[in-house]
Amino acid sequence: MKINLKKPLCVFDLETTGTNITKDRIVQIAIVKIMEDGSEIEYNELVNPEVTISDEIAEIHGITNEMVKNAPTIKTLGPAILAFIGDADLAGYNSNKFDIPVLVEELLRVGIAVDFSDKSFVDIQNIFHKMEQRTLAAAYQFYCGKTMDNAHNALYDTQVTWEVLKAQLERYPELDSEINALASFSRQSNYAMVDFAGRLAHNDKGEVVYNFGKHKGKTIAAVMQNEPGYYGWMLEADFPHQTKLCLRKEMEEIKRKKEANKEGEIQDKLSGLLDKFNKK
């Protein structure tokens, strides 16, 4: 089964200085952009993280401090990365939990605005785990009959990920190959995420709720009423910038609704007074 593309799809992978979304930095970004006609365009850049890459991490992906010391920073590359992605949807392996949050966090950190609200996100790992419960190397062997021999190189991992997705569509004809459907199926949670890190989500009623910790499943409005300090704690704590932006936006919406309700109550009282006056 061929993938059903209504607009381009960017399959991408990051190599980083670690796995902490808010603290670690990108050292390589690779993207394979699949166009509607099936043609492919590659983007591959080393990135100067402006922090030291530990020997332990360098041994994993093979990218050393020497290799990136003269590479452009994410602030320099950011506009070109967003321009390359354009209106394309995004796909990757564990990308919903890691690559997308890290990319957005890095861009926001250097003052580059990011709006992915019009995109679908296909996480090949979630499709794989829902269908077979394995890893990328096992997925490559299982679906493609091939052995990974250059793991932790972002471009190679991206090419493998794209191959696995195509093989998944061939193996599971019951999967809807349209991107929005794949994105929905590959979400890890039944809740629709509000932020890329998955700290905030929409419940079945469409309300924004906390998706972690002691207030998991509770609406932002309810927690604000019962424990107003929780909001301030989140803004000060080590959460991704994009999570905090989404939280602020929701709080502004809550405030707007409260003010609208107060205005409505005032109008109702005025109307009641006018009715009483007119009846006299």
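The table below gives the values:
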{"read-out": "Options (i) 101, 47, 34; (ii) 59, 58, 36; (iii) 89, 46, 35 - which one matches Cα extents along the principal axes in Å as calculated here", "value": "(iii)"}
{"read-out": "Cα centre as origin, Lys/Arg/Asp/Glu Cβ charges: the chain dipole, Debye", "value": "1540 debye"}
{"read-out": "Alpha-carbon centroid distance for the pair region 1-43 / region 150-199, whole angstrom", "value": "11 Å"}
{"read-out": "Of Lys23/Lys205; Lys214/Lys249; Lys23/Lys75; Lys119/Lys244; Lys7/Lys249; Lys33/Lys244, pairs whose Cα-Cα distance is over 26 Å", "value": "Lys23/Lys205; Lys7/Lys249; Lys33/Lys244"}
{"read-out": "Region 143-180: GluC sites (Glu not before Pro) in DSSP loop, at most 10 other beta carbons within 10 Å", "value": "Glu174"}
{"read-out": "Dipole axis of the chain (+1 Lys, Arg; -1 Asp, Glu on Cβ), positive-most option in Thr64, Asn48, Ile85", "value": "Ile85"}
{"read-out": "Farthest toward positive dipole pole in the chain [+1 Lys/Arg, -1 Asp/Glu at C-beta], among Leu165, His241, Gly38", "value": "His241"}
{"read-out": "Unit charges on C-beta of K, R, D, E only; dipole of region 12-76, Debye", "value": "360 debye"}
{"read-out": "Estimated dipole of region 43-185 in Debye, rounded to 20 [Cβ of Lys and Arg +1, of Asp and Glu -1, Cα centre]", "value": "80 debye"}
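No lab work stands behind these numbers, since they all come straight from the coordinates. Since this is a predicted model, take the numbers as computed values, not measurements. Positions of Cβ are generated from backbone atoms using ideal geometry, with glycine treated the same way; all protein chains shown enter the neighbour counts.
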